[in-house]
1. Take the conditions in a loop (DSSP other than H, G, I, E, B), over 27 Å from MET153 (Cα atoms) and either of a type in the set (Phe, Trp, Tyr) or at pLDDT 95 or above (or both) and apply them to ARG292. Does it pass?
2. If the requirement is being over 19 Å from TYR158 (Cβ atoms), among the hydroxyl-bearing types (Ser, Thr, Tyr) and in a helix (DSSP H, G or I), which of these qualifies: TYR297, TYR241?
3. State whether the residues of region 123-133 include one that is without any contact (Cβ under 8 Å) to a residue 60 or more places away in the chain and farther than 25 Å from PRO31 by Cα.
4. Any chance region 344-351 includes a residue that's farther than 22 Å from ARG291 by Cβ and either surrounded by fewer than 17 Cβ atoms within 10 Å (Cβ to Cβ) or assigned by TED's automatic domain parsing to the domain that holds GLY66 (or both)?
5. Under 8 Å by Cβ, and 6 or more places apart or on different chains, what pairs join a residue from region 48-76 that is over 14 Å from ASN38 (Cβ atoms) with one that is of a type in the set (Phe, Trp, Tyr)?
6. Sort out which residues of region 157-174 are in contact (Cβ under 8 Å) with a residue 60 or more places away in the chain and not charged (D, E, K, R), and write them in order of number.
7. With the condition kept exactly as written, say whether any residue in region 283-297 is closer than 27 Å to TYR188 by Cα, crowded, with 19+ Cβ neighbours inside 10 Å and of a type in the set (Ser, Thr, Tyr).
8. So, of the residues in region 134-147 that are surrounded by fewer than 23 Cβ atoms within 10 Å (Cβ to Cβ) and of a type outside the set (A, V, I, L, M, F, W, C), which turns out to be nearest to ALA331 (Cα to Cα)?
Amino acid sequence: MITSKRHWVKTLLCATLALGTAGAWAQAKPPVRIAAINPLSGAGAFDGQLALEGMQAMVAIINANGGVLGGRQLQLVTYDDKGSPEEGVSAAKRAIEQDKVDLIVGGWFSAVALGQKEVTRDKIIHMVTSAQHPKVTEEGHNLLFRLNATSTMMSDRYGRFICENIKPKSVAFITINDDYGRLEVDNYRKLLSACNIEVKGNEFYNRTDTDFSTALTKLRSQNPEAIYVSAINTSQGATIYRQLRQSGHRGTIIASAGNMNPKLVELSGPALEGVYSISLFSPESQRPMSRRWIEQYGKMFKNEPSFIGSLGAQAVEVLAGAIEKAGDPRAYDKISAAIRGQRWNTLLGDVNFSDKGQAMQSIYLVQVKDKKIIAVNN
């Protein structure tokens, strides 16, 4: 009887130890570490924060569902590129060489993405979110992907809408003084001139500018019916829109692609009412993952969900799916092939990638009405 009891106790102890060991093993599974490189200080700080929040909300959803690869949690390692190509390159090197991350999401500004892609070439999967310059993917590499549409893809879609729906007799531009800004104004000069819209001129501004009154006064003196504002971050964009109305412009304002978000609408005030833009994010989407992400985002953050945040979320969503298919977060050739090899059903809709890693997905027209961003049926 005593022997039997001892045997039972011994069996129970062994089972308890086995369960404890299994639990510890499950808990000890290493996380999949994703570098999140965004502008968290400087002119693009608010936009970089939105991108990071979008990623964090999607990570929370995926981890709540068990993570990836049978229980490995996703973990974000954050870096501040300060909106500077030099800082972006430094952050990518640190992520790869010192912190040994598994994958990288980075390149909010085109200039930053163009520098980072040479650091990540042949070394690590690199998902670019919002950068629009075509050279990012045209001169990219096998492990690099971009979610946002290129500036050329955006301008082709938006240019038709401007010609067919807004129909200004004349237009002038204010654009960022870099490769992206120069390409932006060149694209629209050609597209709008082709439908007989007179292009009256362009004024450049710099990434660190805070006062645009001189440039806007010059544009106003040309008396254009519409002014196209190429604003790549929220703080500068809001200032430009307000100062444009303060300068006396009562004509049409056309907002550039990809920067329309609730905070921009709030900070710009009446200056943005009725203004059109173009985006990959439809705030009225009823897609299940889109609604789930918006709900999770609302639980975690005070900001409203935005286009910028949705791209960060989509980056995490696609990478998580590709890791599952590859079976290993470091099997980069398999992850690359998985990303290119199928159409992905994401919070932004269906997306597939070209041989060069460029995403192909829906582009929506949006407009500010009653201080809200709404989708436009066109």
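The values are calculated or read from the model by the stated rules, or taken from the named source; none is laboratory data. What you see is a predicted model; the values in this text were computed from it and never measured. Here Cβ is always computed from backbone atoms with ideal geometry, including for glycine, and neighbour counts include all displayed protein chains.
1. Taking the combined requirement at face value, the residue does not satisfy it.
2. One residue alone meets the criteria, TYR297.
3. yes
4. Looking for residues that are farther than 22 Å from ARG291 by Cβ and either surrounded by fewer than 17 Cβ atoms within 10 Å (Cβ to Cβ) or assigned by TED's automatic domain parsing to the domain that holds GLY66 (or both), one finds none in region 344-351, hence no.
5. Hits for this filter: ALA57/TRP293; ALA57/TYR297; ALA57/PHE301; MET58/TRP293; ILE61/TRP293.
6. TYR158, PHE161, ILE162, ASN165, ILE166, PRO168, VAL171, ILE174
7. Checking region 283-297: not a single residue is closer than 27 Å to TYR188 by Cα, crowded, with 19+ Cβ neighbours inside 10 Å and of a type in the set (Ser, Thr, Tyr).
8. The qualifying residue nearest to ALA331 (Cα to Cα) is ASN142.
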